[in-house]
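Since every read-out is calculated from the coordinates, none of them should be taken as a lab result. Please read all numbers here as calculations on a predicted model, not as lab measurements. FYI the Cβ positions are ideal-geometry reconstructions off the backbone, even for glycines, and counts take in every protein chain you see.
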Amino acid sequence: MCIFCKIIKKQISSDLVYENDTLIAFKDIKPSAPVHILIVPKKHIESVIAIEAEDKNVLGDLVWRGKILAQERGLDKTGYKLIFNCGRGGGQIIDHIHLHLMGGWDKK
Ligand code: AMP
Ligand code: ZN
């Protein structure tokens, strides 16, 4: 089982920020930004590269949740990044699709 599936099944602890029937969000263990949250579907799908048409709504759900989590943290005022790393050449290390929400840098 992959590390994110273990987090989803609570076999590994995480700093959970949101959960519903289909996805979870938790803080990145090695943050690259003041706010760095990973949004992860409960279904194990390896990557954007592997996603099939039948699961395309997963992409919208992840982005929508990223937008809401950003808004709840006031990041809509300053801006933020939503990033999918896609495959090794795209910087993906964990082979369970996830969306990075990053923000919280000072922009005045
Ligand atoms: P990626 O390079 O897109 O595959 O990103 C994987 C991310 O998962 C990295 O930013 C890691 O810091 C993060 N990560 C790895 N293991 C854990 C964990 N146990 N809990 C939270 N984040 C993790
Ligand atoms: Zn998995």
Q. In segment 1-99, which trypsin sites (Lys or Arg not before Pro) are in a loop and have at most 12 other Cβ atoms within 10 Å, using DSSP for the loop call?
A. LYS9, LYS10
Q) Which value in nm describes the separation of the simple spin-label points at ASP55 and LYS77, placed 7 Å from the Cα toward the beta carbon? A) 3.8
Q. Once both axes come from the Cα atoms, what is the angle between helix 56-72 and the longest principal axis of the chain, in degrees from 0 to 90, rounded to 10?
A. 30
Q. Taking Cα centroids, how far is segment 82-108 from segment 42-57 in Å?
A. 16
Q) Considering every pair of different Cα atoms, what Kirkwood radius, in Å, is found for segment 49-108? A) 12.8
Q. Can you list the residues, at least 5 places off or on another chain, whose amide H is less than 5 Å from the amide H of ILE94, using H built in the peptide plane?
A. none
Q | Positive-end residue, segment 3-103 charge dipole about Cα centroid, Cβ charges, pick of ILE37, GLY66, HIS98 | A | ILE37
Q. Can you pull the Rg over Rh of the chain, Cα-only, Kirkwood?
A. 0.95
Q: Taking 7 Å along the Cα-to-C-beta vector as the label spot, tell me the LYS67-TRP105 distance in nanometres, rounded to one decimal.
A: 2.3
Q: Determine, for the chain, the count of lysine pairs separated by eight or more sequence positions (or lying on different chains) whose alpha-carbon distance falls under 20 Å.
A: 27
Q: Compute the signed sum of charges (Lys and Arg +1, Asp and Glu -1) over the other residues within less than 13 Å, Cβ to Cβ, of GLY87.
A: -1
